């Protein structure tokens, strides 16, 4: 085990104190503590990926051609709207409804 000075530095590095480490993880049943640690890890990874995507999209918006970014972050061209009548779903229609010349029967 690390000496007390090293442990204090390690706890400080991870934003923990002995009290909240004990309350969050080590005072619980082992399975619950492991689940909490895994969940926290998953949430941090998700946050980091969202932050990464946001930063790259901001760079791509400000410098669209000067930076070699993955395709996903390059500025997308606007897709024209489809022409013609909107597509109508058949869900929620009664038998008496008829769309575009459809017949019941």
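Since every read-out is calculated from the coordinates, none of them should be taken as a lab result. Just so we're clear, the structure is a prediction, and the values are computed from it rather than from any experiment. All Cβ positions, glycine included, derive from the backbone under ideal geometry; neighbour counts span all protein chains shown.
General remarks:
- Packing rank of 20-27, 47-54, where each peptide gets the mean count of other beta carbons within 10 Å, highest leading: 20-27, 47-54
- Inverse of mean 1/r across different Cα pairs in segment 8-73, Kirkwood, Å: 14.8 Å
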